[in-house]
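Structure, as structure tokens:
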Amino acid sequence: MKINGNAIRPGMIIEHQGRLWRAVKIAHTQPGKGGAYLQAELKDIRDGTKLNERFRASEDVERVRLDEKEYQYLFAEGDSFTFMDIESYEQISLHREMIGDPADFLQDGMMVTVESYEGSPISVTLPDSVTMEIVEADAVVKGQTASSSYKPAKLENGRRIMVPPHIATGTRVVVSTADGAYVERAKD
């Protein structure tokens with residue numbers, strides 16, 4: 001679907017220079033001399049390279065629609081993760097690079113969204129947050145009571161995060177899958 005160059009919005013997928021790009025940031029610019037344009041920071045969907053590009057209103061770009069489908073996470077085997085289509089029960093295996101760091105937060109039976117283009121998977125989106133247990137937490141340093149002070153802790157998946165001083169070993173916490181940051185204490 002052709003769209004106007006200045007109609008690009010963050011999150012959109014466009015085809016440019018024969019590759020698929022996701023718009024990360026955009027800025028409309030109107031210089032004192034010459035016509036207005038849209039400055040877009042693009043990220044290649046397949047290899048993650050970045051590109052800064054200017055699009056004028058008179059230019060047309062090809063907007064790409066990705067197919068989204070719900071899959072259930074089954075298991076991991078080395079760096080390969082297996083998911084099942086909940087409608088057809090068909091299984092697919094994806095490499096860790098396609099999922100990125102959020103792969104650490106995959107849990108048995110978790111529902112994820114797999115985006116694909118022309119039948120081949122491009123990216124995997126996990127839920128915004130997961131609940132995990134703290135298996136190791138450092139003791140609070142005496143006198144360190146400022147509300148902004150955090151201490152290191154280890155999650156059940158082996159990942160280390162920073163948590164508030166009141167979080168102890170065995171506590172269940174909510175963690176952001178995007179950046180692995182502590183969100184809140186889990187409500188039991």
For segment 84-188, the accessible surface attributable to carbon and sulfur atoms (probe 1.4 angstrom, ligands and nucleic acids excluded) amounts in percent to 48 percent
Extreme residue, positive dipole direction of the chain, given options I167, Q17, H28 (C-beta unit charges): H28
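Could you tell me which of the pairs K2/K25; K43/K154; K69/K154 are separated by over 24 angstrom between their Cα atoms in the structure shown? Don't skip to the end; give the middle numbers.
On the way: K2/K25 20 Å; K43/K154 32 Å; K69/K154 32 Å.
Going by Cα-Cα distance, K43/K154; K69/K154 fall outside the 24 Å limit.
Within the P(r) computed for segment 100-182, what percentage of the Cα pairs occupies the region above 22 Å? Please list the in-between numbers first.
Working: 1200 of 3403 pairs.
Cα-Cα pairs in segment 100-182 separated by more than 22 Å: 35 percent.
Per residue, how much accessible area does the chain show when a 1.4 Å probe rolls over the protein heavy atoms, in square angstrom?
Roughly 59 Å² per residue, with all protein chains present.
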Based on the alpha carbon coordinates of segment 44-188, what radius of gyration and maximum Cα-Cα distance (Dmax) apply, in Å? 19.5, 63
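Kindly provide the chymotrypsin sites (Phe, Trp or Tyr not before Pro) of segment 32-100 that DSSP labels as loop, not H, G, I, E or B, and whose Cβ sees at most 10 other Cβ atoms within 10 Å. All intermediate terms of the calculation are to be shown ahead of the outcome.
Values: sites: Y37, F55, Y71, Y73, F75, F81, F83, Y89; in loops: Y89.
Those satisfying the criteria are Y89.
Given all pairs of different Cα atoms, what value in angstroms does the Kirkwood hydrodynamic radius of segment 1-117 take?
By the Kirkwood definition, the hydrodynamic radius is 16.3 Å.
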Take the alpha-carbon positions of segment 36-75, form their convex hull, and give its projected area averaged over all directions (one quarter of the hull surface) in nm². 4.6 nm²
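Could you give the size of the charge dipole of segment 12-131 about its Cα centre, using +1 on the Cβ of each K and R and -1 on the Cβ of each D and E, expressed in debye and rounded to the nearest 20?
In debye, rounded to 20, segment 12-131 gives about 920.
The values are calculated or read from the model by the stated rules, or taken from the named source; none is laboratory data. Since we're looking at a predicted model, the values are computed, not measured. Methodologically, a virtual Cβ is constructed for each residue, glycine included, from the backbone with ideal geometry; neighbour enumeration extends over all protein chains shown. Note: accessible area is taken over every heavy atom of the protein model, side chains too, but ligands, DNA and RNA are not part of it. Shrake-Rupley method; radii C 1.70, N 1.55, O 1.52, S 1.80 Å.
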